[in-house]
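Following: one structure in structure tokens, then a few remarks.
The values are calculated or read from the model by the stated rules, or taken from the named source; none is laboratory data. These numbers come from a predicted model, not from an experiment. Here the Cβ positions follow ideal geometry from the backbone for every residue, glycine too, while neighbour counts run over all protein chains shown. Heads up: the accessible areas ignore ligands, DNA and RNA and are worked out on the full protein's heavy atoms, side chains in. Shrake-Rupley method; radii C 1.70, N 1.55, O 1.52, S 1.80 Å.
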Amino acid sequence: MTDVEVNKNIRKVADLAKNLNIDRHHSTFSSINVTSELKKLCKASFYYQEIYDYIAANNQYNLMLTDNSFFQFSESRNSNNEQELRYAYYPNPYQFIEFREHVQAVQELLDQGEISSSEYEQLLNECNFTHHIPVIRYDYSPSQYDASFHPASHFHIGFNSENRWPVSKVLTPYLFFIKILSMYYSDIWIENFTNSSEQTLNDIYSEAKSNSYAVPSNYLSNEDKKRFLIT
């Protein structure tokens, strides 16, 4: 995949987000250079809000959704002139704060006898809580490949640096974006599933998957295949 293809995919992400009416702000339509400060912060900080605030303050994102979550897409070259990729999804941590404050306020109303138990349940159900969504990152890094311990293509779920889920494909930004939408935005996915009279979101998903790339055989050995692989 060339850098031109990466940027073309980022523009496709922007177009789909716009069509689904879930885009709030586009920072750039091309690969971003993630700062060394952010990478250090991701490894060292105990507070996710600190990382999120840094991304927001320094425009270290390609796309912000209407729920204030961020997507980053980054492409670079290693010392052997091989492509390396880093895509990341950062959910909005402040939804949890709002949820907690909402629960506390509703609980006080119940304790004071101002609402019934059924009204209490209804008010809680009406609150949109998404803090259970983790940070998701995808890396394709030939320079760090180790057949026994470090897959070239992998997902990170959460912040544990050793938490690598190996993938047999080299993902495009567009496929990564659709994957996150399908997993963590089920209401939007269901509402817009029939994207047109001829195409569903699963059709778009399938097309994006077919446009991804197989990991080169020198970076996907038999040793890799002994473990569980996302294909």
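Looking at (1) modelled with pLDDT of 95 or more; (2) among the polar types (S, T, N, Q); (3) open to solvent by 60 Å² or more (accessible area, probe 1.4 Å), which is the one condition that is false for residue 217?
Looking at each condition in turn, residue 217 falls short on (1).
Has segment 107-119 got at least one residue that is at pLDDT 75 or above, open to solvent by less than 70 Å² (accessible area, probe 1.4 Å) and β-branched (Val, Ile, Thr)?
Among the residues of segment 107-119, at least one is at pLDDT 75 or above, open to solvent by less than 70 Å² (accessible area, probe 1.4 Å) and β-branched (Val, Ile, Thr), which makes the answer yes.
Give all pairs with beta carbons closer than 7 Å in which a residue from segment 35-59 that is of a type outside the set (Lys, Arg) meets a residue that is open to solvent by 80 Å² or more (accessible area, probe 1.4 Å) and in a helix (DSSP H, G or I); count only pairs at least 6 apart in sequence or on separate chains.
41/50
For segment 170-177, does any single residue satisfy the condition of being assigned to a loop (DSSP other than H, G, I, E, B), surrounded by fewer than 19 Cβ atoms within 10 Å (Cβ to Cβ) and of a type in the set (A, V, I, L, M)?
Scanning segment 170-177, I find no residue that is assigned to a loop (DSSP other than H, G, I, E, B), surrounded by fewer than 19 Cβ atoms within 10 Å (Cβ to Cβ) and of a type in the set (A, V, I, L, M), so the answer is no.
Just checking, does segment 10-24 include any residue being hydrophobic (A, V, I, L, M, F, W, C), surrounded by fewer than 17 Cβ atoms within 10 Å (Cβ to Cβ) and out of contact with any Leu (no Cβ under 7 Å at 6 or more places or on another chain)?
no
Here are 81, 59, 21: which of them is farther than 30 Å from residue 191 by Cβ, over 16 Å from the mean Cα position of the chain (by Cα) and either in a loop (DSSP other than H, G, I, E, B) or of a type in the set (Phe, Trp, Tyr) (or both)?
Only one candidate passes the filter, namely 81.
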